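S.K.: If you scroll down you'll find the structure; I have some questions about it.
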Amino acid sequence: LFAGGMRTGPFDSRQQFQSVECFITAAPKSFIGLSLYRYQEKDFEVLMSLDYGTGECRTLKLGLLGSCSVGGNESTLASMKAVIDDRSEDGTQTYGCNATYYEAKVVTETYSISVPPIPPIP
């Protein structure tokens, strides 16, 4: 009934920036939307949100390069992509995605992905 996940890959065809993507391949008619966030030490920072009904894509972090698509192709109902930034810090970053739908109550599916640091340019 509900399926999706997260993956990394190039942000666009120029392949200049790496991105993290949250995608949904199957959802009930009551699908509400997505939110993408980055885990921090004690909490998390919401980066983007997508309203599935209106297609409204909001970037909630200043300067973040991101994009959303709704019904972009047959296999993906909705997706949200953000360029991975600040990866020169020590350690791995973990991104999460909440997909929300309504089924007698609001239900949230959560996915996450960990991204290793980018090696420094010699």
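Just so you know, all these numbers are worked out from the coordinates, no wet-lab data involved. Everything quoted here is computed from the prediction, not taken from an experiment. Methodologically, a virtual Cβ is constructed for each residue, glycine included, from the backbone with ideal geometry; neighbour enumeration extends over all protein chains shown.
S.K.: For the pair residue 74/residue 114, report the inter-label distance in nm, with labels modelled 7 Å from Cα in the Cβ direction.
M.R.: Result for the modelled spin labels: 3.7 nm.
S.K.: Say each of residue 14 and residue 106 gets a label point 7 Å from the Cα, pointing the same way as Cα to Cβ; how far apart are those two points in nm?
M.R.: With each label point 7 Å from Cα toward Cβ, the separation is 3.7 nm.
S.K.: Once phi is turned into ³J(HN,Hα) by the Karplus curve 6.51 cos²θ - 1.76 cosθ + 1.60 with θ = phi - 60°, what whole-Hz value does each residue of the range 52-63 show in order, with x for glycine and proline?
M.R.: 5, x, 9, x, 5, 10, 10, 9, 9, 10, 4, x
S.K.: Which number gives the lysine pairs in the chain that have C-alpha atoms under 27 Å apart and are eight or more places apart or on different chains?
M.R.: Step by step, the pairs that qualify in the chain add up to 5.
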